[in-house]
Structures are given as C-alpha cells and as structure tokens.
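Inspection log for the structure reproduced underneath, given as structure tokens.
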Amino acid sequence: MIALSQELASSYAGGDRKAQRTILCDDQPEFVHHRLSARFGLPAVPEWSEWFAGELGRINAVRRLLGFGCSPIAIKGTKKRFLVLLSRGVRQKRIRVPESDSRGVWSVPSWFEALRDTETEAA
C-alpha cells in the first residue's frame, strides 16, 4: 500500500512521458534505473544503476513516500533532465557505454519476483 497526498495522487498517469514525476514502489537503484529507462526510453546499462541513483540524490530528485511493505519514492524529472545526467556521466567518464551490444542482466527485487510467480500461477 502506498499513501499519497492529493498533490501526488493528481500526477500524470505512468505512461505520460511528459510527466515530471514518477512514483515507484521500490527504491532499489536497479529497479529505479530500469523503470525510469523503460518509461522514458533512456539508454541504460545495469552497471549504471548505483551511479544513476547517486545522481538522482545529488540533484534532490528523490522524495521518500510513506509505504507499508514497500519503499515507495517519487522521482521528479523529465526525459530531458535524465538524458542530461547520463550524457554528463559519459563525458566525465563516470559511466561508460559498453563496447559490445550484449544486454546486461537487471536485478529485480525478490518481492517483485514473488508477485510475478503468483500472477503466473493464477493464470
């Protein structure tokens, strides 16, 4: 369960790429990076997750929310803002683009895996 204020509840739907706020049910760096990348169509490599989460904290883009049984957060930012962070990271050699085109493996929270397994069994 995630408790939201009226302000947060009135934010745009998850599919709106122009929205300036994204609400996530988990604060793990891999989960945050993966979800923002999927939502905004950002380039992403799993190895960038810790750095990306650190940058979100540095620019005060993360706001903790009250949740029961989860660690929800609201992330403020747009696709353009996140692309600027990523390009700065590459220019400053804090992150690098892999030479191969192989896809990395994303780490998924254990509760998310359990939920997916439950949904599969119910189908």
*Restricting the stretch 21-36 to residues that are surrounded by fewer than 20 Cβ atoms within 10 Å (Cβ to Cβ) and out of contact with any Phe, Trp or Tyr (no Cβ under 8 Å at 6 or more places or on another chain), which is nearest to Arg91 (Cα to Cα)?*
Arg35
*Test each condition in (1) in a loop (DSSP other than H, G, I, E, B); (2) surrounded by fewer than 18 Cβ atoms within 10 Å (Cβ to Cβ) for Gly54 and report the one that comes out false.*
(1)
*Failed condition for Ala44, given (1) surrounded by 14 or more Cβ atoms within 10 Å (Cβ to Cβ); (2) in contact (Cβ under 8 Å) with a residue 24 or more places away in the chain, with all others met?*
(2)
_Against the conditions (1) at pLDDT below 85; (2) under 13 Å from the mean Cα position of the chain (by Cα), where does Ser37 fall short? Just the number, please._
(1)
*Can you find even one residue in the stretch 19-34 that is at pLDDT below 90, assigned to a loop (DSSP other than H, G, I, E, B) and touching a Lys or Arg at 6+ places or on another chain (Cβ under 7 Å)?*
yes
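Scan Arg116, Arg63, Arg81 and give me the residue that is part of a helix (DSSP H, G or I), at pLDDT 90 or above and over 14 Å from His33 (Cβ atoms). Break it down into steps so the answer makes sense when it comes.
Working: Arg116 fails: at pLDDT 90 or above; Arg63 fails: part of a helix (DSSP H, G or I).
Matching residue, one of Arg116, Arg63, Arg81: Arg81.
The values are calculated or read from the model by the stated rules, or taken from the named source; none is laboratory data. Quick caveat, the model's predicted, so the values are computed rather than measured. As a convention, Cβ positions derive from the backbone with ideal geometry for all residues, glycine included, and neighbour counts pool all protein chains shown.
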